[in-house]
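Inspection log for the structure reproduced underneath, given as structure tokens.
The values are calculated or read from the model by the stated rules, or taken from the named source; none is laboratory data. Just so it is clear, the structure is predicted and the values come from calculations on it, not from any experiment. Using ideal geometry, Cβ is built from the backbone for each residue, glycine included, and neighbour counts are taken over all protein chains shown.
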Amino acid sequence: MKHALLALFAVAIIALLPCCKSGDQNEKPVFNPHPTAAYLSPEESMKKMYLPEGYSIELVASEPMIQEPVAITWDANGRMYVAEMLTYMRDADASDEQLPLSRIMLLEDTDNDGKMDKSSVFIDSLLLPRMMQSVGNELLVNETNTITITSYKDTDGDGKADVKRVVYKNDAYTASDANMEHQRSGLDWNIDNWMYMTYEGLRFRYVNGMIEADTIHSGGSGQWGVTHDNYGRLFYSSAGGETPVLGFQINPVYGKLGFPDEFTPEFQQVWSIMATPDVEGGVKRLRPNNTLNHFTACCGQSIYRGDALPKDFVGDYLVCEPVGRIIRRAKVETKEGKTTLKNAYDSAEFIASQDMNFRPVNTATGPDGNLYIVDMYRGIIQQGNWTKPGTFLRNKIDSLGLAANIDHGRIYRVVYNGGKRDPQPKMLDEPVDKLVQYLGHANGWWRDNAQKLIVISGDKTVVPELKNIVAGKATDAGNKGNALARLHALWTLDGLHAVDNNVLLQAFADADPQVRRAAVWISESWLKKNDAAMIEEVTKLQKDPSYDVRVQVLLSMSQSGATAAQAVVKTIVDNNAGNEMIKATKDALEKAAIVKALAARVSGLPQNDRRAVLNGAVIFRSLCSNCHGNEGKGIAGVTSVMTAPALQGSKFLKLSQKDNAIRILLNGLSGPVDGKTYASEMPSMAANNNGWIASVLSYVRFEFGDHGGKNNDLIGVRSDEVKKMREENEGRDKPWTEGELMKK
């Protein structure tokens, strides 16, 4: 009730604001309760956008040069690649969506005025391209319904790829073509020289022209988009889970860690400046004035790392909400190792539009130091699974005429006070020794690309200068005394396999905690080999003044099986008992170890079932084991009465009892089971979403069910099966009894 009153109050305040002047993006507009779906030119659309004082939007590219853009990236010479999903929702029935008619465009600014003036179809005949990463003169690309990564290269300079080769293929990883939204995205080259993606528990490394994969045993995360900050912290989002940011506390290779208060409930509210009735969730997702009340399509996040916007913008988190026609800006704060986020504005957004077709789906820091926005500019932004005839959203699509707007798209640049732009890069044309000078550039785009190019070159002639930078003896003025330069030099050495003990010892003693943290991270190669000398040196950092460093020592030492390393892990936990991040990190590591051990046993299951079982194992150990025990044998209470029934051998975990198992989690179970009474009653888990319930049941059916020890493809429980059972028993407000269930 309190939140509802606050929301109504905020809406009332917005309605009293003065009308914006024509073309003035900094004066808040009158709330528009009845927007239309009419097509607007880029110039007209920009007049409908609101940004805070000092900021403005500039057009970089639009239709017909581009259509249906979903993602952008640049090569090291500043040429822009644009992934276009040309068959995405051309009508509300998703007709012909699976046809390979999409493409990637190559755009260039030949006169350096900041606006693209040359374009070519770099790759055509693609199936909804999902991921791109520029690597030297190549572009790595992934399409929908596959995990295959293909390299494309233009060898004759005509702007069209003429060399194609597969650099990664794994037939064990497949994707259903039933839902193209719930698939992989990203391919973000992080500071640790690994490329990260969403959805799947894998990360990639580019080695000698091919892709090598590494398993992330804790599973994949996120949905559309993944990004990193200056120090390698990853940020995901999940539209399906309506979660605007997640996965940023620790690197996913160590496990999964999140806090209930890493952002407040208010952070999930969104603040549109017009009615947004086309919401998949229906009226429950709308305020009384028909505005979206909660993130539902969060996607395309980035950390601003440029040098053209104010300094207080650097490190801020941007995430798109195309249903709300807004882009959120959040402040990121790390205190005693724990990271939290909060909206940069009070009940308002960084960018908000009154154009119904404004559909921001991605953001990025550009080579010129400004913030870029990918606007798909279309009517329908929800995939066909949720736009079927008769649904709330379909009715809105039809009544508002949203299906009419297709084949458009814009790319914008956010500038501040007239705009500042870094010069056009020419890194592909420069020798490796000159690239080193960019490791300390004020714009993170330049630092990242310089590191990447040096690493893929394999040229070790720059190793002495990189070591000088780490030691604080840089010969280039831009890198001298620059902590970010030392950080990138350290990771570049790691990518070149040129880190030695002396380099790490110097970095352990660096004045900047993020350099010390990176050195600990890199030292894992030694720690995993139980190198006694390195363990001794890392041990010295267990009481580092920075909790970021202490947490990394805990994470990295946990990768070693040496007695001395494990002793440090225990000491850090014991000495920091009052620190929330340290305690949670240790818990995450323990859960990850369980999942890692389980991973080998589920190898025979279908991929989706494997993922569900592994996710369910973490949930079970966190919650269910408190009553059922880690081994599913139950726990004896203080009166020797079992707290809950044993799961091992339970008749409700037989393969044929899937529906009953779902019923129990949705509504609970009371009374005797197999003639025995228990100290507690199985409560309803219905407050959790369908995927959560499906994961838990997939795990307990695999671990404790009667399936003859075989990896049966009937073990897994799917979200749609839980949804169906939830709908069948809607209105039931009491737990089931054994007798009722056995009659089903």
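Out of curiosity, is Val520 outside any helix (DSSP H, G or I), in contact with a helix residue (DSSP H, G or I) (Cβ under 9 Å, 6 or more places away or on another chain) and in contact (Cβ under 8 Å) with a residue 12 or more places away in the chain? Step through it out loud before you land on a result.
On the way: outside any helix (DSSP H, G or I): no; in contact with a helix residue (DSSP H, G or I) (Cβ under 9 Å, 6 or more places away or on another chain): yes; in contact (Cβ under 8 Å) with a residue 12 or more places away in the chain: yes.
For Val520, the condition - outside any helix (DSSP H, G or I), in contact with a helix residue (DSSP H, G or I) (Cβ under 9 Å, 6 or more places away or on another chain) and in contact (Cβ under 8 Å) with a residue 12 or more places away in the chain - is not met.
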Can you tell me which of Gly379, Gly369, Gly390 is small (Gly, Ala, Ser), surrounded by 21 or more Cβ atoms within 10 Å (Cβ to Cβ) and on the phi > 0 side of the Ramachandran plot? Gly369
I'm trying to understand the selection: among the residues of segment 645-669, which are more than 15 Å from His628 (Cα to Cα) and in contact with a strand residue (DSSP E or B) (Cβ under 7 Å, 6 or more places away or on another chain)? Arg663, Asn667
Restricted to segment 528-556, and to residues that are in contact with a Leu (Cβ under 8 Å, 6 or more places away or on another chain) and farther than 22 Å from Ala584 by Cα, which residue is surrounded by the fewest Cβ atoms within 10 Å (Cβ to Cβ)? Glu537
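Condition check ((1) in the same structural domain as Ala489 (by TED's automatic domain parsing); (2) part of a helix (DSSP H, G or I); (3) closer than 20 Å to Val515 by Cβ) across all residues:
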site	(1), (2), (3)
Lys434	no, yes, no
Leu439	no, yes, yes
Ala442	no, no, yes
Lys452	yes, yes, yes
Ile456	yes, yes, no
Thr461	yes, yes, no
Pro464	yes, yes, yes
Lys467	yes, yes, yes
Gly472	yes, no, yes
Being outside any helix (DSSP H, G or I) and hydrophobic (A, V, I, L, M, F, W, C) is the filter here; which residues of segment 578-623 pass it? Leu605
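Evaluate the following for Gln559: is it out of contact with any Asp or Glu (no Cβ under 9 Å at 6 or more places or on another chain) and surrounded by fewer than 19 Cβ atoms within 10 Å (Cβ to Cβ)?
no
Does segment 120-134 hold any residues that are of a type in the set (Val, Ile, Thr) and surrounded by fewer than 22 Cβ atoms within 10 Å (Cβ to Cβ), and which are they?
Selection gives Val121 alone.
So is Ala297 at pLDDT below 95 and either assigned by TED's automatic domain parsing to the domain that holds Arg394 or of a type outside the set (D, E, K, R) (or both) or not? Talk me through it step by step, then tell me what you get.
Details: at pLDDT below 95: yes; either assigned by TED's automatic domain parsing to the domain that holds Arg394 or of a type outside the set (D, E, K, R) (or both): yes.
Judged against the criteria, Ala297 is a match.
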